[in-house]
Amino acid sequence: MKNMDIDSHVRGESVYVDDIPVREETLYGAVFDSPIPHGILRHLDVSEAERVDGVTKIITAKDIPGENQIGIIMSDEPLFAEDMVHYSGQPIALVLAESEKRARTASRKICAEIDPLPPLTDPRTAADQGQFITPPRTFCLGNTEAAWHTCDYVFEGCAETGGQEHLYIETQSAYVYPTEKDGIRIFSSNQSPTVVQKAAARVLNIPMHRVEVNVSRIGGAFGGKESQGTAWAVMAALAAFTVGKAVKLVLNRHDDMRMTGKRHPYASDYRIGLSKDYGITAYEVSFYQNAGAFADLSPAVLERTLFHATNSYFIPNVRATAYSCRTNLPPNTAMRGFGGPQGMFVMEAAIARSAEALGVDASVIQRKNLLRQGEEFPYGQKANRSQAIRCWTKAGKRYNVGAIRKHVEAFNAENRLHKKGIAFMPICFGISFTKIHMNQAGALVHIYQDGSVAVSTGATEMGQGVNTKMVQVAAHVLSISTERVKIETTNTTRVANTSPTAASVNADMNGKAVEKACLVLLNRLKGFAGKELGHGARAAGEWIEIKDERVYDKGIKTDLVWEDLVMRAHLERVDLSEHAFYATPGIHFDPKTEKGNPFAYHVYGTAITVATVDCLRGTYEIDAVHVVHDFGNSMNPIIDKGQTEGGIVQGIGWMTMEELCYSDDGRLLSDTMSTYKVPDMYSAPKELNVHFHETQGSPLALFRSKAVGEPSFMYGIGSYFAIRNAIRAARPEKEVPLTAPMTPERVLLSLYDATRQAKENS
Ligand code: MTE
Ligand code: MOS
C-alpha cells in the first residue's frame, strides 16, 4: 500500500496547523526572546510595544495562573524567563495583535534590561565548572582496568560531533481557542499530545481533562517536536485563556532556527585496546554532551548514547561514562537516533584511528568484532537473532566489495587531484523507549453501521507513514478493504495518556493496540454471525471466518457480506466499538545496576559508502551507498525503503555539510537557510541501494516488520569515514582530527598544512 497521504500532499490539500481556517477575532502571537545568552533580567519595558496599533496584550510570566514550568524530565525550564535568561532565543514575552505583522513589529519595540553574565558554550568547559544537568552515568562490562595489561595495542584520542538542525518543513505551530466552562482546545504540530496537555494544565492550573490536544499531522519533526513543540502550544493556550479569544502562533523559519534546540553536539575521549588478531579487548569512553540551558530530553538522549556506545560490536571489557553538561545554548533535544549516532561515531572513530596506526583497513577490525548470537551488550541484554555478521557478509557479496576496492585503488593510482575512499558502516539499534514506562500505547476502533471503520491511536503522523501502517493492520485483521478504514486525528480525548511518537516504536506499539482492538471486534462479529447462521450460542464463532468482506461457515462461502453483517449486528445491539491497550512485554531495566533487558529487539545492517574528494577545492561527492538492512518481514516495503533512504541522506548531512556555528557569546550564526546547508539532490549519493535482508523479524515487531524510523540514520557515519579515507589516500602521513562534520573547509584543512601554506604565501 502506498502512503495514504500522497495524493493530498502532492495537491497541497493536506491540512497543517497554519491551514486551519481561523475563527473570528483570532489574535496572532509573536515571541519576544532574549537577545543575549546569559544574564540577569532586571526590567522589561513593553510600553512602546503596547502603543503599536492593533496590539491587544503582551503576555509574560506574570500572567501565568499556575506554574511557570514546562520541563519534561526535570522541572528546570520556565515557559517565560523571569529573573534570568539562560540562552539567546529564550522566550520572555508573547505579543498578541490583530495580525502577525503587527505582533512582530511590536515585539521589536520591547526593551529588556539584562545584566550580562559570562556564557558557557563548550561542554568540556561546563564540565570543568561542574555545570551538570544530572549526575554522570556509567555503563560497565567486564573489567577494563584489568584488561589494559592484556592488550597488544592501545590507542586513545578525542572525537567530536556537531549538532544538527531538524529543519522540519512545517515550523513550530499552534492554534488554540477557549471552549466552554474554561476549557481549551489546542491544535498543535507536535509529536507528544499528552506532554502538551499536561504542560498546559500545569501552566494554566486546570485539570488535564479541560485541555484537549489535537494533532492532525505534522509537517516533519525528526525529534524536534517531541518536547520542543510544547512551549509554543502552551504559550498560545495561556494567551487564549487570558484574553478569551482564539490565538495562533506560528514561528517563521528564522525564529524557529534561533529559538529551538537541536541535536546535541558531543565532545568525547576514548581509549581502545586490541589483541594481535584485531579483537577489541577493552574500550573506555567519556561523553561530554552539550545539553544547552535546560534538561529538556538530554538525560534520556544521554542514556541512549550509552546504550549504543559499542555499536554492533561485542567488546568484553567496556567502561562508558556520560556527562550531561549545562551550557548557554537553546536546550538541545531529540533528533533522529536520539544520542545513538553520537555514541556510535566515537566507536567508529576509535576503530579508524586504530586501523590507521596499525596499517590495516578499518573493515578488518570491524568485521572481526561484530556481535554474534548471544553476546552481551554493556547493559546486560544478550544479542538475540543477531544479524550483524549476515548483513555484513551479504553486503560484501551482493555489492562485490572486491571490485569496488579495485576500482577505488585504480582510480587513486591514476588521479592526483581527486581521490576516492570507501568505508563500511555496520549498525545495531535498540527498539523501545529506554524509559520502560513509556512503552505503552492505546487504540480506539469504531465500526460504523455502514461497515466503515475509524481508527484512533496515540501515534502522530509526521511523514513516516504510521497512519498507512495502521490502515493495513485494521484492514488485514478485519479482512476488509483498506478503503473502508479511516485514521482519525491524534486527539487526547479519544486516546489518553499517549507516549510521544518517537523512538521508532510507534507502528509497533500503536499497531499492536489496533490489532488487539480489531481482533476483539472480529471475534465478536464472528460470534454474532455464528448465531445468525444457526450455530448454538456457545462458541458459535468457532465455525465462522471472515475473508475479503464475506462470511464463511465451516469453510463454505455464505451470502452474508461485511456490510450486512455489521448492520445486523447493530440492530441486534452488538457493541461495534473497542478500545485496546498494548504494553511491550518482557522489557526491564534497573538504573541502579545499569543492567537489564531494555529493548524489544535490535535492528541490524551494513552500509558500504564510496566518496570522491576534489583535493583542490575540498569538495566531495558521495558516489554510492550500498546497504543491506534488516527489515524483518517488511509490511510496507515502499514506506520502509523511503524511511531508510531519508535517514541515510539526513545522516550524511549531519556528518558532512550541516554545520551549526555559534559566536563566542553563544548566538547562533547559522540561523538561516543560506548559512545552514542541508543535503540537496546534488549532495545525495549518486547511487543508493537498499537491499531488504528479510528475516523472521521479532514477535514484538508489528507483523514481524521491524521499526524503520531511526536506524538507517547511522549509515550516514560511513560517509564521514569514506571521505576521511579519500583524504588519507592523498595525504597518508597527515594526522586528521576526528571531528565532524567534515565540511569542505575541514577537508582542505586536513589536506593542507595551513601554517606552512601561510608562510609560503608570505
Ligand atoms: N520521517 C519523516 N518523513 N518525518 C519525520 O519527522 N521522524 C523520524 C522517523 N522518520 C520523521 C521520519 C523519527 S526521529 C522517529 S523517532 C520516527 O520517524 C517516529 O515514527 P515511528 O515510530 O512511527 O517510526
Ligand atoms: Mo525520534 S528522535 O525518537 O523523535
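How many residues are free of Cβ contacts under 8 Å to residues at least 12 places away in the same chain and closer than 13 Å to residue 249 by Cβ if we restrict to the range 1-33?
0
List pairs: first in the range 323-341 and among the acidic types (Asp, Glu), second within 16 Å of ligand 2 (Cβ to nearest atom) and assigned to a loop (DSSP other than H, G, I, E, B), Cβ under 9 Å, 6+ apart or cross-chain?
Sorted first by the residue in the range 323-341, then by its partner, the list stays empty.
Okay, residues lined up against (1) surrounded by fewer than 19 Cβ atoms within 10 Å (Cβ to Cβ); (2) under 21 Å from the mean Cα position of the chain (by Cα); (3) more than 16 Å from ligand 1 (Cβ to nearest atom):
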| residue | (1), (2), (3) |
| --- | --- |
| 411 | yes, no, yes |
| 424 | no, no, yes |
| 458 | no, yes, no |
| 470 | no, yes, no |
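Just checking, does the range 312-320 include any residue being within 16 Å of ligand 2 (Cβ to nearest atom), in contact (Cβ under 8 Å) with a residue 60 or more places away in the chain, closer than 20 Å to residue 604 by Cβ and of a type in the set (Gly, Ala, Ser)? It would help to see each step written out before you state the result.
First, the residues of the range 312-320 that are within 16 Å of ligand 2 (Cβ to nearest atom): none.
Looking through the range 312-320, none of the residues is within 16 Å of ligand 2 (Cβ to nearest atom), in contact (Cβ under 8 Å) with a residue 60 or more places away in the chain, closer than 20 Å to residue 604 by Cβ and of a type in the set (Gly, Ala, Ser).
Just checking, how many residues over the range 659-709 are within 22 Å of residue 171 (Cα to Cα) and surrounded by 15 or more Cβ atoms within 10 Å (Cβ to Cβ)?
Number satisfying all stated conditions: 12.
Please state which one of 674, 683 is among the small types (Gly, Ala, Ser) and without any contact (Cβ under 8 Å) to a residue 24 or more places away in the chain. Show your work before the answer.
Values: 683 fails: without any contact (Cβ under 8 Å) to a residue 24 or more places away in the chain.
None of the others qualify; the one that does is 674.
Quick test for you: out of 630, 559, 575, 640, pick the one residue that is outside any helix (DSSP H, G or I), of a type outside the set (A, V, I, L, M) and buried (at least 18 other Cβ atoms within 10 Å of the Cβ).
Details: 559 fails: buried (at least 18 other Cβ atoms within 10 Å of the Cβ); 575 fails: buried (at least 18 other Cβ atoms within 10 Å of the Cβ); 640 fails: outside any helix (DSSP H, G or I).
After ruling out the rest, the residue left standing is 630.
In the range 111-138, what residues are charged (D, E, K, R) and assigned to a helix (DSSP H, G or I)? Break it down into steps so the answer makes sense when it comes.
Looking only at the range 111-138, we keep the residues that are charged (D, E, K, R), and these are 113, 115, 122, 124, 128, 137.
Matches in the range 111-138: 124, 128.
Looking only at residues in the range 595-618 that are buried (at least 19 other Cβ atoms within 10 Å of the Cβ) and more than 20 Å from residue 312 (Cβ to Cβ), which one is farthest from the chain's Cα centre (by Cα)?
Filtering first and then ranking leaves 615.
Hey, any hits in the range 31-46 for a residue that's at positive phi, assigned to a loop (DSSP other than H, G, I, E, B) and either surrounded by fewer than 21 Cβ atoms within 10 Å (Cβ to Cβ) or at pLDDT below 95 (or both)?
Scanning the range 31-46 turns up no residue that is at positive phi, assigned to a loop (DSSP other than H, G, I, E, B) and either surrounded by fewer than 21 Cβ atoms within 10 Å (Cβ to Cβ) or at pLDDT below 95 (or both).
Being under 37 Å from the mean Cα position of the chain (by Cα) and either over 14 Å from residue 110 (Cα atoms) or of a type in the set (A, V, I, L, M, F, W, C) (or both) is the filter here, so list the residues in the range 30-55 that pass it.
Let us first name the residues in the range 30-55 that are under 37 Å from the mean Cα position of the chain (by Cα), namely 30-41, 44.
Matches in the range 30-55: 30, 31, 32, 36, 37, 38, 39, 40, 41, 44.
So residue 62 passes all but one of these: (1) within 20 Å of residue 85 (Cβ to Cβ); (2) without any contact (Cβ under 8 Å) to a residue 60 or more places away in the chain; (3) part of a loop (DSSP other than H, G, I, E, B). Which condition number does it fail?
The one condition residue 62 does not meet is (3).
Within the bounds of the range 167-187, is there any residue that is outside any strand (DSSP E or B), among the hydrophobic types (A, V, I, L, M, F, W, C) and touching a strand residue (DSSP E or B) at 6+ places or on another chain (Cβ under 6 Å)? Walk me through how you get there before you give the answer.
First, pick out the residues of the range 167-187 that are outside any strand (DSSP E or B): 167-172, 180-182.
Applying the additional criterion that residues be among the hydrophobic types (A, V, I, L, M, F, W, C) yields 167, 169.
Restricting the remaining residues to those that are touching a strand residue (DSSP E or B) at 6+ places or on another chain (Cβ under 6 Å) gives none.
The answer is no; no qualifying residue exists.
Within the range 158-189, track down each residue that is of a type in the set (Asp, Glu) and either buried (at least 22 other Cβ atoms within 10 Å of the Cβ) or under 30 Å from residue 736 (Cα atoms) (or both).
The answer is 160, 165.
Of the conditions (1) crowded, with 21+ Cβ neighbours inside 10 Å; (2) more than 16 Å from ligand 1 (Cβ to nearest atom); (3) on the phi > 0 side of the Ramachandran plot, residue 359 satisfies every one except a single condition; which number is it?
So residue 359 meets the others, but not (1).
Could you list all residues from the range 401-441 that are more than 21 Å from residue 719 (Cβ to Cβ), without any contact (Cβ under 8 Å) to a residue 24 or more places away in the chain and hydrophobic (A, V, I, L, M, F, W, C)?
Across the range 401-441, the qualifying residues are 410, 413.
Among the residues of the range 202-225 satisfying the criterion of being touching a helix residue (DSSP H, G or I) at 6+ places or on another chain (Cβ under 8 Å) and within 14 Å of ligand 2 (Cβ to nearest atom), which is nearest to residue 95 (Cα to Cα)?
215
Sort out which residues of the range 250-296 are over 22 Å from residue 228 (Cα atoms) and surrounded by fewer than 19 Cβ atoms within 10 Å (Cβ to Cβ), and write them in order of number.
Answer for the range 250-296, where residues must be over 22 Å from residue 228 (Cα atoms) and surrounded by fewer than 19 Cβ atoms within 10 Å (Cβ to Cβ): 269, 271, 275, 276, 277, 279.
Go through the range 495-523 and give me each residue that's among the small types (Gly, Ala, Ser), within 19 Å of residue 454 (Cβ to Cβ) and within 15 Å of ligand 1 (Cβ to nearest atom). Please lay out each step first, then the result.
Taking the range 495-523 first, the residues among the small types (Gly, Ala, Ser) are 496, 499, 502-504, 507, 511, 513, 517.
In the following step, the residues that additionally are within 19 Å of residue 454 (Cβ to Cβ) were identified as 496, 507, 511, 513, 517.
Correct list: 507, 511, 513.
Of the residues 128, 182, 152, only one is without any contact (Cβ under 8 Å) to a residue 12 or more places away in the chain and over 26 Å from the mean Cα position of the chain (by Cα); which?
Being without any contact (Cβ under 8 Å) to a residue 12 or more places away in the chain and over 26 Å from the mean Cα position of the chain (by Cα) holds for just one of 128, 182, 152, which is 128.
Just name the residue that is surrounded by the fewest Cβ atoms within 10 Å (Cβ to Cβ) out of those in the range 190-238 that are charged (D, E, K, R) and part of a loop (DSSP other than H, G, I, E, B). Full working, then the answer.
Residues of the range 190-238 that are charged (D, E, K, R), as a first pass: 198, 202, 210, 212, 217, 225-226.
Next cut, part of a loop (DSSP other than H, G, I, E, B) only: 217, 225-226.
Working: 217: 22, 225: 35, 226: 25.
The extreme case among them is 217.
Filter the range 107-121 down to the residues that are more than 30 Å from residue 48 (Cα to Cα) and either surrounded by fewer than 17 Cβ atoms within 10 Å (Cβ to Cβ) or more than 25 Å from the chain's Cα centre (by Cα) (or both) and list them by number. Break it down into steps so the answer makes sense when it comes.
Residues of the range 107-121 more than 30 Å from residue 48 (Cα to Cα): 120-121.
Matches in the range 107-121: 120 only.
Within the range 332-346, does at least one residue satisfy the condition of being more than 16 Å from ligand 1 (Cβ to nearest atom) and assigned to a loop (DSSP other than H, G, I, E, B)?
No, that holds for no residue.
Taking interchain pairs and intrachain pairs at least six residues apart, which have beta carbon atoms under 7 angstrom, with the first residue in the range 207-229 and over 20 Å from residue 465 (Cβ atoms) and without any contact (Cβ under 8 Å) to a residue 40 or more places away in the chain and the second more than 10 Å from ligand 2 (Cβ to nearest atom) and acidic (Asp, Glu)?
210/182
Before we move on, is residue 52 surrounded by fewer than 15 Cβ atoms within 10 Å (Cβ to Cβ) and part of a loop (DSSP other than H, G, I, E, B)?
No: the conditions fail for residue 52.
I need a count of the residues in the range 207-233 that are out of contact with any strand residue (DSSP E or B) (no Cβ under 8 Å at 6 or more places or on another chain) and either away from ligand 1 (no atom under 15 Å from the Cβ) or at pLDDT below 95 (or both).
Adding up the residues that qualify gives 4.
Given the criteria modelled with pLDDT of 95 or more and more than 34 Å from the chain's Cα centre (by Cα), does residue 82 qualify? Break it down stepwise before answering.
Numbers: modelled with pLDDT of 95 or more: yes; more than 34 Å from the chain's Cα centre (by Cα): no.
No; evaluated as a whole, the condition is false for this residue.
The values are calculated or read from the model by the stated rules, or taken from the named source; none is laboratory data. Being a predicted model, the structure only gives us computed values, none of them experimental. Ideal geometry is used to build each Cβ from the backbone, glycine not excepted, and the neighbour counts take in all protein chains shown.
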